[in-house]
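J.: My questions will all concern the structure given below.
None of the figures in this text is laboratory data; all of them are computed from the coordinates on show. Fair warning: this is a prediction, and the values are worked out from it, not measured in the lab. Please note: Cβ atoms are built from the backbone with ideal geometry, for glycine as well, and neighbour counts cover all protein chains shown.
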Amino acid sequence: MQPHDAVVTLWFVNVSDPAAVLNAGPKADRGFGRKYLALMNPSWPISVFGEFPLNRSVSASKGEFYIAGYPGVTVVQTFLEEMTVLSELPTKLLNSIEARDVYAFAENGDTGFGGIAHWQGGELRRSFCARRDRVYEDVGLPEPFEAPLWAGQATGINLPFEPIDLVREADTHWLGIDISADGPDLSVVGYAVDGRKEPRLSTPRPPRSVSDMVESASTKLGLNPATRAYDDYEEAPDDARLDRAGQAWADAKALAKSARRSLRAFGETVKDKLRHTDRG
């Protein structure tokens with residue numbers, strides 16, 4: 001990450017209690033994010049690369065968006081170059097969702113840069129963006145939750161706090177919930193707009209258990225009550241029918257046992273040949 005780059009997270013809030021929405025554990029909808037990005041830039045090649053908790057994952061990288069649309073709350077995280085002043089966020093991004101309140105948080109862990117901003121009714125109420133040794137922007141009056149940080153010990157020209165710590169305090173107070181890994185899962189979908197292909201996921205078939213093999217064999221023999229389509233012994237006495245069923249079931253078990261022995265023997269043969277090959 002370059003010195004003036006930042007990961008920016010925006011929260012578009014249209015409810016009075018966003019914490020209640022987030023604490024309910026809502027799930028992200030992949031379709032919502034696709035539509036959001038297509039409206040922002042129809043020429044982007046959009047691909048999905050995963051669904052995961054925002055607060056337990058690495059931050060978005062260049063060409064990536066983490067998005068979720070919850071009831072009354074939308075979150076968008078992305079990577080922006082040359083972003084040191086949140087009041088100058090791209091208009092298209094800032095106005096991408098109509099909201100009563102918009103909260104923005106910016107971080108660069110390499111430099112210690114941190115930024116917070118709050119728009120209410122489209123008007124910027126507060127923005128503070130800084131590194132420990134440099135303030136890039138200070139707009140509006142400090143919020144009450146900032147007071148303990150400002151009361152810290154200042155050294156020379158340095159701020160009395162780490163700006164990233166201010167980001168942590170701001171998201172907790174503005175959203176009413178802990179956004180760190182200690183808080184509830186915040187489900188988001190990860191999208192790429194840099195032309196990469198979506199990962200292809202394949203689920204391996206689980207190995208068949210011996211009980212499955214026995215059940216399959218009994219079904220083929222017509223002895224599974226749930227699947228039997230005919231009964232060759234309908235007119236036979238009950239005892240005779242049970243004897244035949246028991247014998248067939250035993251035969252099926254023996255078949256499965258024999259198959260296991262054959263597989264073990266084959267494995268031993270292969271191992272033995274490999275040992276002789278190594279000696280040669």
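J.: Among S16, S43, which comes first, then next, by fewest other beta-carbon atoms within 10 Å?
T.: By the 10 Å Cβ count, ascending, the order reads S43, S16.
J.: Ok, one more. What is the spin-label model distance, in nm, from A38 to K92 if the labels are put 7 Å beyond Cα along the C-beta direction?
T.: Spacing of the two 7 Å Cα→Cβ label points: 1.7 nm.
J.: With a cut-off of 8 Å between alpha carbons and a minimum separation of six or more residues, what is the relative contact order of region 6-192 in percent? Please report the intermediate quantities before stating the final value.
T.: Numbers: 395 pairs, mean separation 59.6, N = 187.
Relative contact order comes out at 32 percent.
J.: Given the Cα-Cα distance of D194 and E51 and 0.36 nm per residue of separation, how much length would full extension add, in nm?
T.: 49.7 nm
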